[in-house]
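Asks: Pasting a structure here, questions to come.
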Amino acid sequence: MTTPPLFLVEALPAAGASFGLDGPEGRHAATVRRLRSGEAVLLGDGRGGLAHAVVTASGRDRVDLLLTDRTAVAPPTPRIVLAQALVKGDRGELAVETATEAGVDAMLPWRAARCIARWEDGPRGAKALARWRSTAREAAKQARRPWVPVVEEPVSTAALARRVAAAAGAIVLHESVTEPLAELAGTLPSAGDLLIVVGPEGGITDDEVAELAAAGARPVRLGAEVLRASTAAAVALGALGVLTGRWAAC
């Protein structure tokens, strides 16, 4: 039995209410998913609100729904924030997609020194940021997530260091250090922000590692393999799901 598809709306109606799903979500439900009367769907507001509904009618660009129940899902703890260095081409969007599916709660695009991709201020940078945000939204729907990760404005290394200092805990993934991520079991925060830093294709510079470590981050490695900048976060999130207990209640 498959999980009902999730569609995102601005505000959820009350349980027992009828609701017309239109716009891009309604078009997708009617013409791509081809939902018909009697099929089950999920509605979410991306902020923890979740509702089960049943299709009562289907048109060309719209489906009519009857909400059967509604609930509020608390955000997971600790809140995991990913500082993802800008990655060239569609690999940046792959990083966002896989991190979202693996459970990240917020993302900071990081302008690291060795980034090949450059998000300059202006229309091009705004377009790239919009693609990351759209990717996070679509991946959250695919993963049936009640909470859509927030993709914040790009940050410099100095701004990232300030976020590290304010977080409950922070780690920097680096292939050259000897301490494995698994060694942090029992020392990771149970609440607040846990920040993960993933560098670019060319790696994190020694100066960046030193600045982030001085702010309180702990450099660790995932394992013997060297992962791509676009996949490291998803692997780390899987490990942290176990090490922090975030997956214990699933």
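Where a number appears in this text, it was derived from the coordinates with a stated rule and is not lab data. In this text the structure is predicted, and so the values were computed from the model without any measurement. In this analysis, Cβ positions are derived from the backbone assuming ideal geometry, glycine residues included, and neighbour counts consider all displayed protein chains.
Asks: According to a simple spin-label model (label point 7 Å from Cα along Cα-to-Cβ), what is the distance in nm between Ala248 and Glu10?
Replies: Output for this residue pair reads 4.0 nm.
Asks: Extent of the chain along each principal axis, from alpha carbon coordinates, in Å, largest to smallest?
Replies: Projected onto the principal axes, the Cα atoms of the chain cover 60, 42, 30 Å.
Asks: Specify the residue with the greatest mean-square fluctuation among Ala15, Ala213, Ala239, computed from a Gaussian network of the chain linking alpha-carbon atoms under 10 Å apart.
Replies: Looking only at Ala15, Ala213, Ala239, the biggest GNM fluctuation is shown by Ala15.
Asks: Once the Cα atoms of the stretch 34-89 are picked out, what are the Rg and Dmax in Å?
Replies: Both quantities, over Cα of the stretch 34-89: 17.0, 45 Å.
Asks: Would the stretch 117-186 count as rounded, prolate or oblate if I go by the C-alpha gyration tensor, calling it rounded below 1.5 in a/c and otherwise prolate when a/b exceeds b/c, oblate otherwise?
Replies: Taking the square roots of the gyration eigenvalues as a ≥ b ≥ c, the stretch 117-186 is oblate.
Asks: With only alpha-carbon atoms in the gyration tensor, what are the semi-axes of the equivalent ellipsoid for the stretch 58-203, in Å, largest first?
Replies: The three semi-axes for the stretch 58-203 are 29, 22, 13 Å.
Asks: For Val177, project a label point 7 Å along Cα to C-beta. Then give me every residue of the stretch 222-250 with its amide nitrogen under 20 Å of that point.
Replies: Within reach of a label on Val177, which here means backbone N under 20 Å from a point 7 Å along Cα→Cβ, the stretch 222-250 contributes 222-245.
Asks: Do you know the relative contact order of the stretch 79-243, to the nearest whole percent, from alpha carbon pairs under 8 angstrom that are 6+ apart?
Replies: Computed over the stretch 79-243, the figure is 33 percent.
Asks: Relative to the present Cα-Cα distance, how much length would full extension add between Arg47 and Arg114 at 0.36 nm per residue of separation?
Replies: 20.7 nm
Asks: Spin-label point model (7 Å from Cα, Cβ direction): what's the Arg27 to Asp69 distance in nm?
Replies: Each label point is offset 7 Å from its Cα along the Cβ direction, giving 3.4 nm.
Asks: So what is the diffusion coefficient of the stretch 6-72 in µm² per second by Stokes-Einstein at 25 °C and 0.890 mPa s, using a Kirkwood Rh over Cα pairs?
Replies: So the translational diffusion coefficient is about 215 µm²/s.
Asks: Moving to a separate point now. For the chain, modelled as a Gaussian network with Cα springs under 10 Å, which listed residue fluctuates most, Ser176, Ser156, Ser18?
Replies: Ser176
Asks: What is the list of residues in the stretch 1-36 whose amide nitrogen lies under 11 Å from a point 7 angstrom out from the Cα of Ala57, following Cα to Cβ?
Replies: Residues 20 fall inside that zone.
Asks: So, counting K/R as plus one and D/E as minus one, what does the shell of residues with Cβ under 13 Å around Pro13 add up to?
Replies: Cβ neighbours under 13 Å give a net charge of -3.
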